[in-house]
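No lab work stands behind these numbers, since they all come straight from the coordinates. The model shown is predicted, which means the values in this text are computed figures rather than measured ones. All Cβ positions, even for glycine, are placed from backbone atoms using ideal geometry, and neighbour counts span all protein chains on display.
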Amino acid sequence: MIKRIAIFASGRGSNAEALVMAMRAGEIHGTPVVILSDQAGALVLEKAQQWKIPTLLVERSDYKTKEAFEEAMLDALKPYMPDTIVLAGYMRLLGKTFISAYEGRILNIHPALLPSFTGLHAQRQAVEAGVKVSGCTVHFVDTGMDSGPIIMQTAVPVYADDTEDSLAERILPKEHATYKKALALYCDNKLHVNGHIVSIDE
Ligand code: GRF
């Protein structure tokens, strides 16, 4: 049964692009039914039009409270009937209102080896910490920040002369590759969560 995927993105959308292309190539048994953004000018919305994928723009500033904002997102998604939410560079923390509606069916990519360097500018945090290895993490989303059960991680070397940008550039292609693998396994129902440990059917 092909999973119906809603992709959330706030910016450039390179992760969204990697996943859409992999779904279209049949490498991931899912179909992108809608792309939602919280940013009016997000490049990902233009890309979605080229990909002929419906788009939704739901802006936080249009709502008095976070709860109202998240209810609006849930309502806007209804017609597309997604069964999975894939966050791909979505720069906003989802709260209980939204998460409870998709418990266990929201994935995210983070450009660091969680639980290290949660939150924004993870690549900068890694460079400033002087670590020699960083990378990316695909995880299930819970109400914490970058704290849900870890699905898959890929390590990337960090060099002494790295900047936030040079490290981000080295991690990004690994994000695409890791997210494609993780989402493919998820769509084939090969991921199982026990407490906060994820096991994968081989
Ligand atoms: C990626 O590094 C992602 O890990 C982080 O923000 C960036 C989004 O890039 N959350 P893109 O929009 O997928 O190109």
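In this simple spin-label model, placing a label point 7 Å from the Cα along the Cα-to-Cβ direction at both Ser100 and Asn189 gives a separation of 2.7 nm. As a rough guide to protection, the peptides 52-61, 84-93 ranked by mean Cβ packing within 10 Å, highest first, stand as 84-93, 52-61.
Of the peptides 3-10, 68-75, 158-165, 181-188, the ranking by mean beta-carbon count within 10 Å, highest at the top, reads 3-10, 181-188, 68-75, 158-165.
Given +1 at the Cβ of Lys and Arg, -1 at the Cβ of Asp and Glu and no other charges, the dipole of the chain around its Cα centre is 340 debye to the nearest 20. A simple rule links phi to the HN-Hα coupling: the Karplus curve 6.51 cos²θ - 1.76 cosθ + 1.60 with θ = phi - 60°, which for region 5-17 gives 9, 9, 9, 10, 8, 10, x, 4, x, 6, 5, 4, 4 Hz, with x for Gly and Pro.
Each residue of region 155-170 was assigned a 3J(HN,Hα) from its phi angle through the Karplus expression (A = 6.51, B = -1.76, C = 1.60, θ = phi - 60°), giving 8, 9, x, 10, 9, 4, 9, 5, 10, 3, 6, 5, 6, 4, 5, 6 Hz with x at Gly and Pro. For the chain, the square roots of the Cα gyration tensor eigenvalues, ordered a ≥ b ≥ c, give a/c below 1.5, which places it in the rounded category.
With 0.36 nm allotted per residue and the present C-alpha distance subtracted, the His196-Tyr63 stretch has 44.6 nm of extension available.
Cα centroid separation, region 120-163 to region 40-63: 27 Å.
Among the listed pairs Lys52/Lys181; Lys47/Lys132; Lys3/Lys66, those with a Cα-Cα distance over 30 Å are Lys47/Lys132. Selection among Val156, Asn189, Leu113 by position relative to the dipole of region 109-202 gives Asn189 as farthest towards the positive end (Cβ unit charges, Cα centre).
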